[in-house]
Structures are given as C-alpha cells and as structure tokens.
Amino acid sequence: MYTIKLFLFIAPLVISSRIDQDYSSSDSVSPEPKSKFAMLDDVKILANGLLQLGHGLKDFVHKTKGQINDIFQKLNIFDQSFYDLSLQMNEIKEEEKELKRTTSKLQVKNEEVKNMSLELNSKLESLLEEKSLLRQKVKYLEGQLTKFIKNQPENQEHPEVTSLQKETSNQPTIYVQTFVEQQDNSIKDLLQTMEEQYRQLNQQHSQIKEIENQLRRTGIQESTENSLSSKPRAPRTIPSLHLNETKNVEHNDIPADCTTIYNRGEHTSGIYSIRPSNSQVFNVYCDVRSGSSWILIQRRIDGSQNFNESWENYKYGFGRLDGEFWLGLEKIYSIVKQSNYILRIELEDWKDNKHYIEYSFHLGNHETNYTLHLSEITANVPNALPEHKDLVFSTWDHKAKGQFNCQESYSGGWWWHDVCGENNLNGKYNKPRSKTKPEWRRGICWKSQNGRFYSIKSTKIWSQSKF
C-alpha cells in the first residue's frame, strides 16, 4: 500500500514536469540532445515507480493468498467437526431407535407374561373349586352309604351290600385320595410356574426402567418420554413405604392423629402409630412445634426419592418417613375426614429463604379423585393454588375426565384445575443451574398468581386438626 501511494504521488510530478518541458520547448528552441536526456530521466522515474508498484502488488497478492489459505483451513476444520457431530447424532439416533425397539419388545413380553399369569390364576381357581366339589361329593356318598347300611336288618345281609361295603371301605377312598394328590401336585406346579412368571415380570420392569434412564442420559428425554407416555405402561410394583406399613391389628388405645398423641403427653417429634376412625393402623411422622403436633404428609429435601410414581403408589404412599416420602392419599383422607383440618405448606428456595402458607381445606375420597378445596388463612408468600375450586389429583397413568395432560408436562402427581398451572411440589428435583422453561416446569416450582416464580429447594406439607 505504501508503494501504491508513492507511485500516485510521483506520477503527477512526472507528468507536470513533462508538460512544463513541452511548453518551454515551444517558447525557445533548445538543443536536441538535452531534450532526449530529460525524457529518458522521466521514463526511468516512471519505470522505477511502476516497478515499486509491481513489487507492492506482488506482496499484497502473497499476503491475500495466505489469508485465504487460513480461511480454507478453518473451513475444513469446521466441516470436519460438523461431519463428526453428524456421525455422533446418527449414532445416538440409532441407539435411540434400538432402545425403543427393545422397550417395545419388553412391553410385549410383559403383556404376555401378565396374560399367562391371569390364565394360571383362573386355572388354579378352577382346580381348587373342582377339588372342593369332589370332597363334598365323596362326603355325601359316604354319608348316604353309612345310612343305608344302618337301616338294614341285622340278620339280613345282601351279598351286593356286603361287597359294596367292602369296596367302599377301601377303593373309593384310595381313588379319591389319589385324585386329590394329583390335583395338589398340579396346583403346586402351577404355583411354581406363577412364581417364575412373576420373577420374569419383575426382571422386565427393571429392564424397562434401566432403558428409560439410558434414554434420559442421551439428552433426548422430552421426545422419548412423549413416545413412551403415549403407550399404556405396565403397572409398576408398589415400593414399600418403610416405617409406614399398614397393619391389620385392632387396638382401641391407638390414637387417631398426632394431636391426640400430643394431648396424651408425647411432646417429642418422631414416628408414631395412629388409627383414624374406620381405618387400619399405620405410621406417621408427628412434628411438635409451638405447643401442638402436626402430621407430616410430604417431604422433599435432596431428590433421593423418585416422585414420578404411579396412581397406585400415590394412593397408598411411598418413600421413607425419616427421609423423602409421600404419605398416601388414602391415609390422608382417612385422617382429615374425622374433623376440620388445616393444611400448611412450607417452602425453602435455593437462597435459603423460607416461606409458608396455610389453608383450611376439604379432601374428597377416591371416587372424586381426591378432589381438594382450599381457602387461604395466612401466609408470607403469595398464593399460587386456586381457591374455592375443584383441584383434582392426577398422575401419568391416571387422568380425571375433562383434565389436561398436566402430569405429562410437569412430572409427578399433583392437584390440577381445568388448566395446567406452573405449581407442582411433587415434580422432578432440579438442582440450581441454567435450564430451559420446559425443564424447570417439570421440577419443584411455585408460581404465585402475580407472576413471581420460586425455584424450590425443599418442601414440607403438614396437616393439623383445628380443634
């Protein structure tokens, strides 16, 4: 560039000197050799300028070529990276398809095992009925034969009766016993076959669950869950609620709730057995605070318990009372139907700010899908749940008629209205990090009616009698 500028500066000077010489030559006649030497000098200067310009252009071209080569190298690297990513995406898609096919096969096998189990159950029931009928018939025939023998005169003996008596004293009993033993062996074989089928069924469930976890790890959770949720899922085995098992015992001195326990002098928080009216005995966690005792219904603290459970599990409860758990809708209903109860929700966000809200509430039974009616009493956080409306409980495998698929979009079981709100304390436990809206919507969240959103770290839901 410097050479070009120098040439542009020199060229006008040369041309102007040439013009001046022409004018001077027209005015006075100079000797011819002197004019030739002057023109030769001009040509040399011009040639030197052109030479410098050529060198400058040559350097510029070399530099431009180098830059272009660098750009092409970067483009090649980008193309190679893009190609590698395309291959990886294709591999992931193939793995996804293979996992889906495996899941479909497992589900088909699962259905076959279930059907075989039902058939075995029906055969077992029919065999038991046949066995019972045979025993009744044998007893009836033996009774009739005994009566017939007693009614005959002592001195009159019929050869046919005597022979029949001898035969019936041994042979029918032996035949019946043999037949019953055969039936018992058949029943035992059927029971063993059923046990084997149940073991296979549990293995299928564990394989399906492992495949779902693998699909989530590939980063395509949304599409996978939608494809799986559109198919009927097999019912999972109900996880045992440790320290909260229902017991079929009759004790008149077992208290009906935590308030009764507190009034009897137990002022320590912990796990106690209760038996609400017209209910069985089960364990609850009673928390003593401010001169009263509350029943803990739900607790989330660290994400150790999966809350994306089935309707059956939400109905009867899951988890551990000394950790994360859900008490169970049927148990909650058996408690609160005894009297008027208060519902208290405690929240803690990731900045360690604590919030609470209390409601007076009414809970329906299983025929109403445990419909919840709320009326706010006091709070230090804006309300997020609709008041004086029917909030129906739903899970991924149980949706009330007229309700949207809120549980499919938000994960976990919760009380929903006619539209899906952005409030779910039983959602997926998400630790604080950058997430898209569909991701945090599936987590534990509390969005007030004024639009403020709270990402929740821990939750507790309590209940206590008003009286």
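The values are calculated or read from the model by the stated rules, or taken from the named source; none is laboratory data. No experiment lies behind these values; they were computed from the predicted model shown. Neighbour counts are summed over all protein chains in view; Cβ atoms, including those assigned to glycine, are modelled from backbone coordinates with ideal geometry. Only protein heavy atoms, including side chains, enter the accessible area calculation; ligands, DNA and RNA are left aside. Shrake-Rupley method; radii C 1.70, N 1.55, O 1.52, S 1.80 Å.
Provide the net charge surrounding residue 143, with neighbours chosen by a C-beta distance below 12 Å and charges set as Lys +1, Arg +1, Asp -1, Glu -1.
On the way: positive: 137, 139, 147, 150; negative: 142.
Charge balance in the 12 Å sphere: +3.
Which entries in 109/331; 331/457; 109/399 show an alpha-carbon gap greater than 28 Å? Kindly include the intermediate steps, with their values, before the conclusion.
Values: 109/331 35 Å; 331/457 26 Å; 109/399 26 Å.
Check vs 28 Å cut-off fails for 109/331.
In µm²/s, what is D for region 258-465 at 4 °C and 1.567 mPa s, where D = kT/(6 pi eta Rh) by Stokes-Einstein and Rh is the Kirkwood radius from Cα pairs?
74
List the residues, sorted by chain then number, that are 5 or more residues from residue 443 or on another chain and whose placed amide H is less than 5 Å from its amide H.
Sorted by chain and number, the residues that satisfy this are 428.
Among 72, 48, 99, whose Cα lies farthest out toward the positive end of the dipole of region 43-142, if unit charges sit on the beta carbon of Lys, Arg (+1) and Asp, Glu (-1)?
Working it through, the farthest residue towards the positive pole turns out to be 48.
Please report the relative contact order for region 258-465, taking Cα pairs under 8 Å with a sequence separation of at least 6, and give it as a percent rounded to a whole number. Kindly include the intermediate steps, with their values, before the conclusion.
Details: 456 pairs, mean separation 45.6, N = 208.
Answer for region 258-465 is 22 percent.
Give the dimensionless ratio obtained when the Cα radius of gyration of region 286-371 is divided by 2.2 N^0.38 Å.
1.17
Ranked highest first by the average count of other Cβ atoms within 10 Å around their residues, in what order do 456-464, 313-321 fall?
Peptide ranking by packing, descending: 313-321, 456-464.
Extending each Cα 7 Å along its Cβ direction at residue 146 and residue 64, get the distance between those two points in nm, one decimal.
Distance between label points: 12.2 nm.
Towards the positive end of the charge dipole of region 258-465, with charges on Cβ (+1 Lys, Arg; -1 Asp, Glu), say which of 443, 384, 325 has the farthest Cα.
443
Give me the one-decimal nm value for the distance between modelled label points at residue 260 and residue 42, 7 Å along each residue's Cα-to-Cβ direction.
A separation of 12.4 nm, rounded to one decimal place.
Describe numerically, in nm with one decimal, the distance between label points set 7 Å from Cα along Cα→Cβ at residue 88 and at residue 134.
In this crude spin-label approximation the distance works out to 6.8 nm.
Counting Lys and Arg as +1 and Asp and Glu as -1, each charge on the Cβ, what is the dipole of region 43-142 about the Cα centre in debye, to the nearest 20? If you can, show how the numbers build up before the last one.
Numbers: 17 positive and 16 negative charges, 61 e Å.
Using Cβ point charges on Lys, Arg, Asp and Glu, region 43-142 gives about 300 debye.
With r defined as the distance between the Cβ atoms of residue 108 and residue 199 and R0 fixed at 22 Å, what FRET efficiency is calculated, to the nearest 0.05?
Working: r = 18 Å, r/R0 = 0.83.
Calculated value: 0.75.
Compare 253, 41 by solvent-accessible area with a 1.4 Å probe and give them largest first, with all protein chains kept in place.
Ranked from most to least accessible, the order is 253, 41.
What figure in square angstrom, to the nearest 10, would you give for the accessible area of residue 92 with a 1.4 Å probe?
50
For residue 281, what residues show an amide H to amide H distance below 5 Å, using hydrogens built from the backbone and excluding near sequence neighbours?
Answer set, sorted by chain and number: 247, 249.
Treating the beta-carbon of each Lys and Arg as +1 and of each Asp and Glu as -1, no other charges, what is the dipole magnitude of region 84-141 about its Cα centre, to the nearest 20 debye?
700
Residue 356: net charge of surrounding residues, Cβ under 13 Å, Lys/Arg +1, Asp/Glu -1, itself excluded?
Counting the neighbours of residue 356, the net charge comes to -1.
Tally Lys and Arg at +1 and Asp and Glu at -1 over the other residues with C-beta under 13 Å from the C-beta of residue 48: what net charge comes out?
With Lys, Arg at +1 and Asp, Glu at -1, the net is -1.
Going highest first, how would you order 388-394, 361-367, 141-147 by mean Cβ packing within 10 Å?
Details: 388-394: 18.6, 361-367: 15.0, 141-147: 12.1.
Result, highest mean Cβ count within 10 Å first: 388-394, 361-367, 141-147.
HN-Hα J couplings of region 382-390 from phi, Karplus 6.51/-1.76/1.60, θ = phi - 60°, integer Hz, Gly and Pro as x?
Working through the residues one at a time gives x, 5, 10, 9, x, 9, 6, 9, 7 Hz.
Compute, for region 258-465, the length of the dipole vector about the Cα centre, with Cβ point charges of +1 (Lys, Arg) and -1 (Asp, Glu) only. Units Debye, rounded to 20.
Dipole about the Cα centre, nearest 20: 380 debye.
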